Structure formats: C-alpha cells, structure tokens
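Novice: Can you read through this structure? Questions will come right after.
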Amino acid sequence: MEKIKFLEKKNRPWVIAHRGYRSSFPENTFSAFEAAIEVKADMIELDVSLSRDRVPVVIHDKKLDRTTDGEGLVADFSISELKELDAGSWFNKEFKGEKIPTLEETLDLIKGRINVNIEIKPESFEISEPMDAIEIQVCKLIERLKMEDQVIISSFEHSFFGRIQNFCKKSNKLNFIRIAPLLDVFQNKEFILSICRRAKAYSFHPNSSFLTESLILELKAAGYKIFPYTINENYRMKELIKSGVSGIITDEPEKLRE
C-alpha cells in the first residue's frame with residue numbers, strides 16, 4: 001500500500017469526515033471510519049476521552065446514553081465494561097454489535113490509510129497533569145506507532161497545547177505533533193491569531209458560523225490552515241471553498257468530494 005502523505009498539496013480543500021461517515025454510519029465506530037476511507041476522505045475527525053481505568057476511548061459525549069445501550073458517564077466505566085456495550089444499534093439495527101473503540105485500536109486500523117484529527121474532549125483536562133494524562137497518552141501512542149505525519153490534535157481546551165509542546169521538547173522532537181485550536185463562539189481576529197500563535201498551531205478549526213473571507217485571508221497570511229466544522233449543506237460548502245478554506249469537516253464526506 002502506498003504511504004499517504006500528510007496534508008499533501010491538493011488542488012482542492014481537504015475532505016475531513018466528522019466522526020467518520022457520520023450521516024450514514026454510527027459515529028466514532030470502525031464502520032464509520034472504514035466508510036470514510038472507502039469514499040476517499042482525506043482525514044477522519046474523532047473524539048477521545050478516558051475510561052475509569054484511564055484508557056483513551058473514542059466517543060464524543062460525556063455520557064453513554066445517546067450512542068450506546070449504556071447509561072451514565074463514560075469516565076465511570078472501565079474499558080472492559082465499555083466493551084460490553086452496543087455502540088451501533090442506536091443508529092440502525094444492522095450495526096448491532098459495534099463496539100466503542102479504544103484510540104489505540106483505531107490508530108492501528110487507519111495507520112497508513114488516512115490522516116486523523118484527534119479531538120481531546122475538554123472534560124478530560126486535569127489541573128494536576130498526572131503521568132497518564134490523556135494528552136500525554138495520546139502523544140506517546142502517536143510516537144510509538146510512528147504516526148506523527150498522519151495526525152492533528154485539536155481541542156476546545158487550549159490548556160492541553162502547552163503540555164503537548166513540553167512533551168515534544170522532552171522527546172527531542174520539537175513540534176512533531178501538529179496542533180489545532182477549536183473555537184465555537186465569535187472572537188475578534190486579534191484573539192484568534194493570539195491563540196494560534198500561543199499554541200504554535202498548524203491549523204485553526206472554527207465553527208463555520210463566524211468564519212468570514214477576511215478572517216480566512218488573515219489566518220492564511222499568518223501561515224495557518226483553516227478547517228471549519230461542521231458543514232453539510234451544498235451552498236455553504238461552495239461558499240467556504242470559494243473563500244479559500246484549507247479543508248472542511250463534514251458529516252457528508254461523499255457529498256463534499258462530489
């Protein structure tokens with residue numbers, strides 16, 4: 001298999017599959033990820049939190065109720081307990097038996113096949129920064145699997161980024177992990193540029209509702225890629241492509257490719 005090239009230059013924006021092919025498959029599952037690869041998305045976006053026994057697992061919500069047959073907080077269950085849950089039937093009975101994947105299992109699945117945007121959920125941030133903090137586990141896993149050229153780490157919790165930078169320094173691999181601040185509410189251009197500078201960001205991932213052509217131009221001029229979320233409507237896809245975004249995070253990767 002030909003090795004993928006991380007964010008290689010294309011004559012179009014990147015197609016980033018939000019939680020996998022989320023519109024047609026149960027989100028954040030192997031089925032959704034395989035489907036995104038099948039329709040030739042350029043990147044998968046997924047979400048990571050910790051289980052009770054501190055294993056990074058791929059799931060979006062703090063609670064299990066919406067996307068599994070379980071109830072309660074993800075953080076209250078061990079990995080073995082989480083693996084007993086059905087993460088597919090809520091979407092469609094044909095996906096009965098889908099499991100909550102660990103991050104390690106997911107990276108093993110997609111290594112060399114597609115790029116990945118790992119979003120670390122804000123509720124996983126810990127002030128004390130234990131040795132097995134989620135951001136450190138994610139970095140160590142990327143390093144061990146030699147996937148540095150496939151990965152962006154993003155979060156709404158920007159405090160993760162300084163710790164990730166420190167990890168890279170200690171590993172003598174300065175800036176080997178690409179970082180992307182997420183932002184869901186409007187802020188002025190100076191604020192946005194400042195958070196990107198502090199994070200030594202590779203890209204900026206904003207809510208598309210406040211993304212303007214002038215902001216896109218300023219960010220690009222400063223050297224940042226722009227990957228807005230979550231765009232599923234044809235007209236908005238076309239607007240953002242015309243405005244010059246670097247890629248689009250979407251539940252509809254096949255539609256965006258077309």
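The values are calculated or read from the model by the stated rules, or taken from the named source; none is laboratory data. Since the model is a prediction, treat every value here as computed from it, not as a measurement. Note that we place each Cβ from the backbone using ideal geometry, even for glycine, and neighbour counts take in every protein chain shown. When the accessible area is computed, the model is the full protein with side chains, heavy atoms only, and any ligands, DNA or RNA have been set aside. Shrake-Rupley method; radii C 1.70, N 1.55, O 1.52, S 1.80 Å.
Novice: Per q in 0.19, 0.25 Å⁻¹, report the Debye log10 I(q)/I(0) for the stretch 124-188, using one uniform scatterer on each alpha carbon and no solvent.
Specialist: Values, matching the q order: -0.73, -1.16.
Novice: Here's something else I'd like to know. Fully extended, how many nm does the chain gain between D132 and N172 (0.36 nm per residue separation, minus their Cα-Cα distance)?
Specialist: 12.4 nm
Novice: With the other protein chains left in place, how much accessible area per residue, in square angstrom, belongs to the chain at a 1.4 angstrom probe?
Specialist: 47
Novice: Next question. Once you put a point 7 Å from the Cα of E123 and another 7 Å from the Cα of R52, both along the Cβ direction, what distance in nm separates them?
Specialist: 1.5
Novice: Hey, another quick one. Ordered by packing density, taken as the mean number of other Cβ atoms within 10 Å over each peptide's residues, highest first, how do 25-36, 106-117, 73-84 rank?
Specialist: Values: 25-36: 23.8, 106-117: 19.0, 73-84: 15.9.
With the highest mean Cβ count within 10 Å placed first, the list reads 25-36, 106-117, 73-84.
Novice: Could you list log10 I(q)/I(0) for the stretch 1-126 at q = 0.17, 0.21, 0.22 Å⁻¹, which the Debye formula gives when each Cα is one point scatterer?
Specialist: The Cα Debye sum returns log10 ratios of -0.84, -1.19, -1.28.
Novice: Another question about this same structure. Take the Cα gyration tensor of the stretch 175-251, multiply each eigenvalue by 5, square-root it, and list the three semi-axes largest first, rounded to whole angstrom.
Specialist: With the √(5λ) rule applied to the stretch 175-251, the semi-axes are 20, 13, 11 Å.
Novice: Evaluate 2.2 N^0.38 Å with N set to the residue count of the chain, then give the Cα radius of gyration divided by it.
Specialist: 0.97
Novice: Looking at the chain, send over the antiparallel percent of its DSSP beta bridges, to the nearest 5. Present the calculation step by step, with values, prior to reporting the outcome.
Specialist: Values: 5 of 31 bridges.
Around 15 percent antiparallel, to the nearest 5.
Novice: While we're on this one: Quick one: length gained pulling R236 to R144 fully straight, 0.36 nm per residue minus the C-alpha distance? Provide the component values of the computation, followed by the final result.
Specialist: Details: separation 92, 0.36 × 92 = 33.12 nm, distance 3.88 nm.
Here the segment from R236 to R144 would lengthen by 29.2 nm.
Novice: For K170, which lysines qualify as cross-link partners when the Cα separation must be under 17 Å and same-chain residues fewer than eight apart are set aside?
Specialist: List returned: K140, K146, K200.
Novice: Further, regarding this structure: Tabulate in residue order the Karplus-calculated ³J(HN,Hα) for the stretch 49-65, using 6.51 cos²θ - 1.76 cosθ + 1.60 with θ = phi - 60°, rounded to whole Hz; enter x for Gly and Pro.
Specialist: Residue by residue, the stretch 49-65 yields 9, 9, 6, 4, 8, 6, 9, x, 10, 9, 7, 7, 7, 5, 9, 7, 4 Hz.
Novice: Which stretch or stretches of the stretch 227-248 have amide N atoms under 15 Å from the point lying 7 Å from I195's Cα along the Cα→Cβ direction?
Specialist: Output list for this probe position: 227-230.
Novice: OK, next. Normalise the Cα radius of gyration of the stretch 96-239 by 2.2 N^0.38 Å (N = residues in it) and let me know the number.
Specialist: Cα Rg divided by the expected 2.2 N^0.38 Å: 1.11.
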